[in-house]
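**Q** Below is the structure I would like to discuss, written out as structure tokens.
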Amino acid sequence: MRVSTRRHWQDFWDEADRLSLDDVYGNDGRIVRELFALGDPAGKRVLEVGAGSGRDAVALARAGAEVWTLDYVPGSLALTARAAAQAGVRVQAVNGDALCKPFADGTFDLVFHQGLLEHFRDPLPLLREDLRVLKPGGRLLVDVPQTWHYYTLGKQALIAMDRWFAGWETQYTPAGLEDAVRRAGGTVVRTYGDWMVPGLWYRALRKTLLSRLGLRLPMYPDPVPPLGRLLARWRERHRGRRWALHTAMTIGVIARRDDAGGAA
């Protein structure tokens, strides 16, 4: 049975560090945009589970939040610490297990992660831990790959050939993600979706040329007219519609902890 291990992620972040973080795609501000829509983060205690590159944590710290990141991979924590130092903000990087977080119940106003839940075969232990460290009334954001996207086909083929960078990964429908959050004890507030721009194939080509030949294509090429404008207009027009979630590459749920004594 294939699994996603610490070694997979250490190798991933080591490669990212060699290539330069500027050559690693982020989430294009999607997570920060969704968190800011919940209100001003200034003064809020925020935890990012799975530190990644630290970009989102730094953006929240710049806005006045007290930010912690949690990861079990030293390479990711080192990138986060470096990004925070370069930005002149404080982000507390903690080495620890997402399934047994080293924080007391009800510590945070916001907890979020992206690119994490899909690597767990059983989502409930992680989600319950997320809710445990939230204050009553606090918000949880969970962002994952969406099932009905061509990304899923390519990913599953690479997993079958044991060539997927993370070892193993699943995906969620909007209803499936909402159900997992509810079963963990959260109250779903909103579900959103987003599309990858530029597309997956361009990103894969860019990474291959950069790592193998040292050729650097632009991160964000100019869209092909008029197709680029039409696609952008379509995305903005339909972004909030339920059916459009099934065309998005990534989806996310924002949930609330309502109980006073801990997650179910």
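What follows is calculated from the coordinates using simple rules that are stated; it is not laboratory data. Here the structure is a predicted model, which is why all the values come from computation and not from measurement. Glycine also receives a Cβ, built like all others from the backbone with ideal geometry; neighbour counts cover every protein chain displayed.
**Q** Output the relative contact order of the range 95-146, whole-number percent, from Cα pairs under 8 angstrom with separation of 6+ residues. Don't skip to the answer; put the middle values down first.
**A** Working: 66 pairs, mean separation 26.1, N = 52.
Contact order relative to length: 50 percent.
**Q** Once you place label points 7 Å from the Cα toward the Cβ at Arg241 and Thr187, how far apart are they in nm?
**A** Simple spin-label model gives 3.0 nm for this pair.
**Q** Can you work out the PRE-style zone for Thr107? Point 7 Å along Cα to Cβ, and I want the residues of the range 113-149 with backbone N under 11 Å.
**A** Answer for this model: 133-134.
**Q** Count the net charge of all other residues whose Cβ sits under 15 Å from the Cβ of Ala157, scoring Lys and Arg as +1 and Asp and Glu as -1. Mind dumping the intermediate values first?
**A** Working: positive: Arg2, Lys155, Arg163; negative: Asp162, Glu169.
Spelling it out: positives minus negatives among the neighbours equals +1.
**Q** Just to be sure I understand the model, the point goes 7 Å from the Cα along the line to the Cβ. What's the resulting Ala87 to Arg62 distance in nm?
**A** Spacing of the two 7 Å Cα→Cβ label points: 0.6 nm.
**Q** Want the number for Asn95 to Asp162: 0.36 nm per residue separation, take away the alpha-carbon distance, what's left? Spell out each step's value before the answer.
**A** Details: separation 67, 0.36 × 67 = 24.12 nm, distance 2.79 nm.
Working it through step by step, the gained length comes to 21.3 nm.
**Q** Find how much the distance from Arg7 to Leu209 grows on full extension, using 0.36 nm per residue of separation minus their present alpha carbon separation; answer in nm with one decimal.
**A** Stretched out fully, the Arg7 to Leu209 stretch lengthens by 70.3 nm.
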